[in-house]
1. Roughly speaking, what is the stretch gain from Arg182 to Arg238, that is 0.36 nm per residue apart minus the C-alpha to C-alpha distance, in nm to one decimal?
2. Which distance in Å, rounded to a whole number, links the C-alpha centroids of the range 1-44 and the range 180-217?
3. Run the paramagnetic zone check for Ser141: 7 angstrom along Cα to Cβ, then residues of the range 205-219 with backbone nitrogen under 18 Å.
4. Would you mind computing, in nm to one decimal, how far apart the modelled labels at Thr227 and Gln49 are, each placed 7 Å from Cα along Cα→Cβ?
5. Compute the normalised compactness of the chain: alpha-carbon radius of gyration over 2.2 N^0.38 Å, N being the residue count.
6. Sort 184-192, 147-155 by packing, meaning the average of other beta carbons within 10 Å per residue, with the highest value first.
7. Sorting Thr135, Thr220 on the 10 Å Cβ count, fewest up front, what's the list?
8. Using a 7 Å offset from the Cα along the Cα-to-Cβ direction at both Asp208 and His4, what is the distance between the two label points in nm, to one decimal?
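We did not get these values from a lab; they are worked out from the coordinates using the rules stated. What you see is a predicted model; the values in this text were computed from it and never measured. Please note: Cβ atoms are built from the backbone with ideal geometry, for glycine as well, and neighbour counts cover all protein chains shown.
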Amino acid sequence: MTRHVTDDVQWLTVCYPHEDAHEHVSVYLIEHDGSYILVDSGSFHHEQQLADAIDEATDGAGIDAIILSHSDYPHSGNISEFRDEWDDVELVASSGSPEIQGLTDARRCVIGEDLDVLGRTFNFIDPPLADRSHTTWIRDSESGVLFTADGFGNYHAPGECEQLSSEFDDAVPEETVYEFHRDNLVWLQYVDPDKLRTALDEIFDDYDVSAVAPIHGNPTLAEDVPTALDRLERAAGRIAEEYDVPTVEDA
């Protein structure tokens, strides 16, 4: 259940069943000078699986920091347990008011700015794809991996749980991208796909990205990012076309 996305970024992959497919609820582990930083903490349903994977990946050392993309339970469900398991775990949260969300001792990141965590710089990006207002995309500036929370998600077939984009026949399949975003980011029915693509392109123009690492999907390596962007734009277009959204002219 553990794959290297880059030399120092590992994907700890766990899934839920979803109809005839699976949905990832994964986390990512970053090694930096003997310390370990976890991006999101996963669902409490996978607490023991993830704890065992972290223990194995760190040779028993455990984690030193957790950075949250946002505080929904599939992303924050194991914070207390992991901080009880491993001492002195720093928590970095994207919320403007972490204490309101029960993260009373969290260090606050500012979306749109950079932050040093255990000597490593992270970029906190305002995402064009999010399911909560306090969501941030997180880029590890050293590896170039962009952690996109709910954006770039996809369902996958059994047997594809640990595949990177390069291991599919033609990158992450478009239909699985469409189905995930249709089900989970329902506000896309109100979005102009061209404007969405412009916002995405601006991020990839501003930042060098070695891989896109979603919490709810298979990671996409740099060579497949253009394909992923095209498929995401078409998925957004399909979602918008399927709904009869009233306009100002209809009022």
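1. Stretched out fully, the Arg182 to Arg238 stretch lengthens by 19.3 nm.
2. 20
3. Answer for the range 205-219: 205-211.
4. 2.6
5. Details: Rg = 17.6 Å, N = 251, 2.2 N^0.38 = 18.0 Å.
My calculation over the Cα atoms of the chain gives 0.98.
6. On the way: 184-192: 14.7, 147-155: 26.9.
The densest-packed peptide leads the list: 147-155, 184-192.
7. Thr135, Thr220
8. Computed distance between label sites Asp208 and His4 equals 2.0 nm.
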